[in-house]
Every structure is written in C-alpha cells, then in structure tokens.
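The values are calculated or read from the model by the stated rules, or taken from the named source; none is laboratory data. The model shown is predicted, which means the values in this text are computed figures rather than measured ones. Virtual Cβ from ideal backbone geometry, glycine too; neighbours counted across all protein chains shown. Note: accessible area is taken over every heavy atom of the protein model, side chains too, but ligands, DNA and RNA are not part of it. Shrake-Rupley method; radii C 1.70, N 1.55, O 1.52, S 1.80 Å.
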Amino acid sequence: MTRIYTLLLFIACLCSASAQKRSTADEAFRSRPVPDSIFSLMQGRSYPKGCTIKRSELRYVEVLRYDAQGRVKRGELVCHRDIAADLVSIFRELYKAHYPIERMRLVDRYGADDERSMTANNTSAFNYRRIAGSTRLSNHSQGRAIDINPLYNPMVARGGAVVQPRAGRQWANRSRHSPYRITEGDLLYRLFRQHGFSWGGNWRKRKDYQHFEKP
C-alpha cells in the first residue's frame with residue numbers, strides 16, 4: 001500500500017509540475033498597454049517628436065521564442081493594438097513548434113536605426129519612420145507591420161541592385177539555406193496568412209521577404 005501511495009504521489013507531483021510549466025509558458029505570451037519604462041525608451045527613437053500615433057493605440061508584446069540552437073529566449077516588440085492578439089497567438093504557435101527566431105528586441109535598443117536592427121537579424125514591428133528612399137510613412141509607423149529574421153530575409157529591389165539590410169546581400173539568393181529563412185508555405189507564413197497578413201515576398205515590384213503587414 002505504501003508503494004502504491006508513493007507512486008500515486010509521484011505521478012501527482014509530475015502532473016502538477018507539468019501544469020505549472022504550461023501555465024508559466026502561457027503567461028509569458030501577452031500584450032499590454034505600453035509601460036512607462038518602455039515608452040520612455042521609445043521617446044526620440046521609434047516614437048520621435050511629431051509622431052501622430054497615440055500611445056494608447058500601441059501595445060507592448062512579450063513572448064518566448066527558440067533560436068536556431070534550440071535555446072529558449074525572451075522576445076519583445078511594440079505593435080498596433082489591432083494586431084497585438086494576432087502576434088501573441090502566432091508566436092505562441094511558433095514557440096510550440098520550435099520555429100527559430102534569432103532575436104526580438106525593441107528597435108529602440110538599436111537607436112531605432114532600421115539598418116542596424118536588420119543587420120542584427122532583429123525581429124521588430126513599430127517604428128515611426130519613412131520607407132527607405134521615399135517620403136511616405138512605412139506601415140511600421142502605425143505598428144501594423146512586422147519584420148522577421150530580416151538579415152536572412154532581406155528586401156530586394158531593382159533586380160537585386162538594392163538589398164536591405166546591406167549585410168543581407170548574400171541571402172538575396174533565395175536558394176541559399178538558412179534555418180531563419182522564410183519560405184512560402186512554411187509554418188510562419190501559414191500562420192500569418194491565416195491571421196490576415198500579407199507577405200512582402202509576394203510583392204511584384206520589390207520583394208520584402210522579412211515583411212508581414214495587416215491593414
């Protein structure tokens with residue numbers, strides 16, 4: 001009887017630990033209004049003077065992610081409130097599948113310099129800025145666009161004459177393999193499409209393989 005009781009107690013402890021682990025992981029995926037500490041960091045960077053997007057329209061998203069070495073890392077970004085729930089759901093599924101995201105830090109930690117952030121292969125969303133080489137505001141300015149693993153999924157234009165980030169030129173050749181490469185039909189692509197996002201890799205005049213956006 002003692003052995004049976006001990007075994008049942010051991011099984012109960014395992015179940016409890018497993019449930020607690022799942023609960024902790026679930027709590028790691030969330031969105032909330034932008035905290036004061038984060039908004040302070042954004043000032044003069046992704047949220048410059050004259051920014052027309054209200055703070056109340058933005059959300060701070062926190063997730064867990066795996067890198068290509070299988071290590072669990074924390075991720076953070078700021079996006080529009082309308083897509084916050086989408087991103088939490090998508091990144092939760094990517095985490096469950098061990099889909100690799102190398103880095104996910106606020107673009108402000110790179111001085112809101114898009115080139116620096118992309119060169120670091122940093123996944124990010126909100127950044128009040130103009131489209132490179134244009135006077136038009138990017139969809140990132142509203143927080144409705146996200147760039148994922150950008151170094152290995154660069155933007156390619158003018159027949160390959162323009163590549164962003166510049167350090168990603170070798171990855172403009174889409175036949176090159178990388179665990180961070182996004183392909184049409186892979187899990188990340190399917191999840192974003194299911195949530196109503198369009199992919200820059202399907203654009204006609206230029207290909208922005210890192211980029212997903214939602215109206």
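Within 10 Å of each candidate Cβ there may be at most 15 other Cβ atoms; applying that plus a DSSP loop requirement, which chymotrypsin sites (Phe, Trp or Tyr not before Pro) in the range 171-200 survive?
Details: sites: 171, 180, 189, 192, 197, 199; in loops: 180, 197.
Listed in order of number, the matching sites amount to none.
Could you provide, to the nearest whole Å², the per residue accessible area of the chain with probe 1.4 Å?
About 54 Å² of surface per residue is accessible.
Viscosity 1.002 mPa s, temperature 20 °C: give me the Stokes-Einstein translational D for the range 134-174 in µm²/s, with Rh taken as the Kirkwood radius over C-alpha pairs. Numbers along the way, then the final one.
Numbers: Rh = 11.2 Å.
Taking Rh from Cα pairs, D becomes 191 µm²/s.
Could you list the trypsin sites (Lys or Arg not before Pro) in the range 137-198 that lie in coil according to DSSP, counting only those with at most 10 other Cβ atoms within 10 Å of their Cβ?
176
Can you give me the C-alpha center-to-center distance between the range 28-102 and the range 105-119, rounded to a whole angstrom?
14 Å
Based on the Kirkwood radius over alpha-carbon pairs, what value in µm²/s does the Stokes-Einstein equation return for the translational diffusion coefficient of the chain at 4 °C and 1.567 mPa s?
It comes out at roughly 71 µm²/s.
Identify the chymotrypsin sites (Phe, Trp or Tyr not before Pro) of the range 47-96 meeting these criteria: DSSP loop state and at most 14 other C-beta atoms within 10 Å of the C-beta.
Loop-located and lightly packed - none at all.
From zero up to wherever the largest Cα-Cα distance of the range 88-178 sits, split into 10 Å bins and tell me the percent of pairs in each.
For the range 88-178, the binned pair fractions read 16, 45, 33, 6 percent.
What is the total of Lys pairs in the chain with C-alpha atoms under 30 Å apart, excluding same-chain pairs fewer than 8 positions apart?
Qualifying lysine pairs in the chain: 11.
From the phi angles alone, apply the Karplus equation (6.51, -1.76, 1.60; θ = phi - 60°) to the range 193-201 and give each ³J(HN,Hα) in whole Hz, x where the residue is Gly or Pro.
5, 4, 8, x, 8, 9, 10, x, x
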